[in-house]
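Notes follow the structure.
Just so you know, all these numbers are worked out from the coordinates, no wet-lab data involved. Everything quoted here is computed from the prediction, not taken from an experiment. In this analysis, Cβ positions are derived from the backbone assuming ideal geometry, glycine residues included, and neighbour counts consider all displayed protein chains.
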Amino acid sequence: MNYIGISSGFHDAALSVIDDKGNILFAGHSERYNKDKHTKHLCYDIVEDALSYTTSRDIKIHYYERPWMKFLRQVRSGEKPVLSNLFVKEIIGRGLLHKLQDGHDGKVHTHNHHLSHAAAGFQTSPYDDATVVVIDAIGEFDTISIYNAWYDKNGIAKYKKLWGQRYPDSIGLFYSAMTKRVGLRPLDEEYILMGMAAYGKSKSVDKMSTELIKSYRDITFKDNLHTGVSETFLEGADDMDIACSAQLIAEQLIMNVISKAKMLGGSKNLVYGGGVALNCLANRLLGDYYDNIWIMPNPGDAGSSLGAACLGYGKRVNWTTAFLGYDISGNYPTNRILDSLLSDKIAGVASGRAEFGPRALGHRSLLADPRGDDIKDKVNEIKRRQKFRPFAPIILEEYADTYFDMPRGFDNSRYMQVIARCRVPELFPAIVHHDKTSRVQTVPKDGSGIRELLEKWYVLTGCPMLLNTSLNVRGEPMVNNRDDADRFENMYGVKVLS
């Protein structure tokens with residue numbers, strides 16, 4: 001038996017495959033195949049690629065939410081839903097079912113949206129039990145969920161919901177509304193708002209709280225923020241101050257949820273998922289409540305394709321790596337990357353299987369020397385990004401505490417899950433943000449290509465880290481195959497090595 005999990009129809013379409021031993025055979029993003037960022041469509045090419053990894057013709061399909069419940073919420077909220085979105089077979093496309101006709105019974109099993117988030121987190125975690133927190137913009141009706149999760153005597157994952165919040169009260173919708181208010185794209189550029197927060201002051205917190213927040217304790221809002229706020233809201237306020245204030249309010253709301261989870265849950269382990277879990281600035285505070293924290297590297301809706309497959313499989317899956325997507329075969333080009341870094345200070349890499357998640361972890365990366373004063377501006381220029389935007393360091397794990405004050409609960413940060421204050425920011429201007437913090441990625445002694453690269457770089461330079469950012473430009477998906485890499489190389493003048 002193989003289990004295919006799907007998220008599609010609304011945004012960030014993705015597809016995952018698990019076998020009957022719990023091995024993750026494939027997990028990838030549709031946008032990297034059809035080149036339409038945040039695409040809602042499950043394109044033909046990702047289906048073809050995923051099916052090449054299947055090990056059985058006996059296949060069960062699992063979908064990450066219940067379309068009829070989402071349709072009902074859209075009707076109740078006054079939206080104009082698309083009638084075809086009632087039918088999951090129409091959403092995922094009959095092409096997939098046709099490709100599977102020999103081994104598939106034609107059924108598509110649907111699951112609750114937040115339960116798919118929870119399963120993606122818990123069943124990939126190392127824990128036998130956990131308190132699971134899911135915070136996002138909106139599922140069907142749910143916007144926050146807290147679960148107890150454990151495995152029964154047969155190894156089947158069990159979930160008991162302890163508390164939740166429902167539409168329209170939503171931390172995710174609040175943050176998206178503030179993203180839109182400063183002129184950024186909601187459900188896309190929230191991470192830019194998070195970066196802007198370091199440049200602002202908390203001047204708008206009181207007004208924002210008074211006009212928008214009904215109860216911090218209950219996580220309720222005075223208005224439905226699904227379509228944003230009025231054009232006159234905080235008129236005249238500086239965008240950076242709005243970003244700072246929005247981040248501070250979001251952090252307070254998130255920590256109120258985590259505090260509630262600590263009080264209601266029965267576990268010392270926290271599993272955190274949903275799109276809001278990508279707010280690595282807020283994540284630095286989680287260690288105030290939990291010592292053991294797991295945030296899988298793709299906690300948003302795309303990651304719920306894996307969550308749906310996990311619910312179909314039922315048991316703990318064998319999580320070993322985030323490199324689960326399209327494969328550019330061949331050995332990791334360590335020595336050629338080193339040569340490029342030493343001569344040009346910047347190098348691209350597209351090698352091995354692509355990352356499952358929104359952040360490049362070394363297989364589809366733009367790498368650079370973090371020590372140069374001009375490197376940050378050069379990389380932002382290549383990527384067509386605003387100059388204030390920060391970059392992340394990738395560092396040998398055993399040196400993380402030497403250079404960064406890692407937050408409690410995060411002995412490592414292998415998937416860029418949290419920010420940490422740099423102890424010597426003057427040495428690494430390319431990877432330190434305005435507030436002297438960095439979104440750290442640590443690399444263990446795992447024998448990987450990126451580990452070998454960092455080790456050799458350290459021997460040659462005495463520096464145990466590199467700047468690491470995704471191999472794309474603003475508004476485009478990450479490079480996926482070698483054709484994409486060649487296009488990037490030709491258009492932006494950076495060697496991309498495979």
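Some points to look at:
- Near ARG414, the amide H atoms lying under 5 Å from its own belong to THR442; only residues 5 or more places off or on other chains count, and H is placed 1.01 Å from N.
- Options GLY462, ILE337, ALA485, ranked by Cα towards positive dipole end of the stretch 323-497, top entry (Cβ charges): ALA485
- Bridgeable aspartates and glutamates around LYS60 (alpha carbons under 16 Å apart, same-chain partners fewer than 8 residues away excluded): ASP19, ASP20, ASP102, ASP105.
- Cα-centre dipole for the stretch 126-175 with unit charges at Cβ (Lys and Arg positive, Asp and Glu negative), debye to 20: 160 debye
- Derived scalar couplings ³J(HN,Hα) [the stretch 385-392; Karplus, 6.51 cos²θ - 1.76 cosθ + 1.60; whole Hz; x for Gly, Pro]: 10, 4, 5, 6, 5, x, 10, 9
- Farthest towards the positive end of the charge dipole of the chain, among the residues CYS244, SER30, CYS310, is the Cα of CYS310, using unit charges on the Cβ of Lys, Arg, Asp and Glu.
- Per the Kirkwood formula applied to alpha carbons, the stretch 323-497 shows a radius of gyration over Rh ratio, Rg over Rh, of 0.93.
- Annotation: peptides 351-357, 492-498, ranked by per-residue average of other Cβ atoms within 10 Å with the highest first, follow the order 351-357, 492-498.
- Working note: Karplus 6.51/-1.76/1.60 with θ = phi - 60° gives the stretch 78-84 the couplings x, 6, 10, x, 8, 4, 5 Hz, where Gly and Pro are set to x.
- A simple charge model with +1 on the Cβ of Lys and Arg, -1 on the Cβ of Asp and Glu and nothing else charged puts the dipole of the chain at about 680 debye relative to its Cα centre.
- Only Cα sites of the stretch 128-199 enter the Debye sum here, all with the same form factor; the resulting log10 I(q)/I(0) across q = 0.26 1/Å is -1.05, listed in q order.
- Under 5 Å from the amide H of GLY372 lie the amide H atoms of ALA430, each residue being 5 or more positions distant or on a separate chain, with H modelled from the backbone and absent for Pro and chain starts.
- For a label point 7 Å along the Cα-to-beta-carbon line of ASP411, residues of the stretch 283-302 with backbone N under 13 Å: 291-293
- Most tightly packed first, judged by the mean number of other beta-carbon atoms within 10 Å of their residues, the peptides 106-115, 421-430 read 106-115, 421-430.
- Karplus-derived 3J(HN,Hα), 6.51/-1.76/1.60, for each residue of the stretch 460-472, Hz, glycine and proline x: 6, 10, x, 10, x, 9, 9, 6, 9, 9, 5, 7, 6
- Sorting the segments 13-21, 305-313 by their mean number of nearby beta carbons within 10 angstrom, highest to lowest, gives 305-313, 13-21.
- Each Lys and Arg contributes +1 and each Asp and Glu -1, all at the Cβ; summed about the Cα centre of the stretch 124-295, the dipole is approximately 520 debye.
- Distant-in-sequence amide H partners of ASN318 (H built 1.01 Å from N, under 5 Å): ASN23, ILE24
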